[in-house]
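Structure, as structure tokens:
Quick note: the coordinates plus some simple rules give every number you see, no bench work behind them. Only a predicted model underlies this, so the values are computations on that prediction, with no experimental measurement involved. For neighbour counting, all protein chains shown are included, and Cβ atoms are generated from backbone atoms with ideal geometry for every residue, glycine included.
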Amino acid sequence: MRPAFDDIFMELAQNLARRSHCIKAQVGAVLTKDTRIISIGYNGPPSGTHNCDEEFPEVGCPRDSKGSCSLALHAEQNAILYAVKNGANLEGTTLYVTLSPCIACARVIYTMKIKRVIYLDSYADYKGIGVDEGVEFLRKFGVQVERFHKLVEQA
Ligand SMILES: [Zn+2]
Ligand SMILES: [Zn+2]
């Protein structure tokens, strides 16, 4: 069976997540345009700074007020920043991410004119909070957001 591009890119995002050095959460992202990959990212402190798993193996990542790693760029941010640093135009792109965007990433995604976001797991479920505020923000302002469902798991 020929895999769909959605399956290919989400599988890549899941593999990228496993490269994260963060202990608290591991998230991967793939940014695409017209079925081609523009950029990739996973969560972690900026390159050349910290590796959470090596520096804080006992206590885990230093937390911010929301319980996330206080040093890390999110996977979406890393993917977007790399693309922008290299002069890519992100208008009309699709972002695959293994965890739905937080509100801070949602603001960046909207600003960059990314048109579609496909996510695997819910940030709200992960955080134990009521609403996926990032997803709500994106939908409210016209970005298509879909939860990924792998075909084989629906059967
Ligand atoms: Zn960390
Ligand atoms: Zn985020």
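Estimate the FRET efficiency between residue 81 and residue 2 by the formula 1/(1 + (r/R0)^6), using the beta-carbon distance for r and 30 Å for R0, to the nearest 0.05.
0.35
What is the sum of charges, Lys and Arg at +1 and Asp and Glu at -1, for the other residues whose Cβ falls under 12 Å from the Cβ of residue 29?
Charge balance near residue 29 sits at 0.
Which of the three applies to the stretch 70-155, rounded, prolate or oblate, going by the alpha-carbon gyration tensor with a ≥ b ≥ c and a/c under 1.5 meaning rounded?
In terms of gyration-tensor shape, prolate.
Quick one: how many lysine pairs in the stretch 1-137 have C-alpha atoms under 25 angstrom apart, if they're 8 or more apart or on different chains?
Summing the qualifying lysine pairs gives 8.
Cβ neighbours within 10 Å, averaged per peptide: list 95-104, 56-65 in order, most packed at the top.
Result, highest mean first: 95-104, 56-65.
Got the relative contact order for the stretch 92-133 handy, in percent, Cα pairs under 8 Å and 6 or more residues apart?
49
For the pair residue 136/residue 122, report the inter-label distance in nm, with labels modelled 7 Å from Cα in the Cβ direction.
1.2
Hey, any idea what the orientation-averaged projected area of the convex hull of the chain's Cα atoms comes to, in nm²?
10.1
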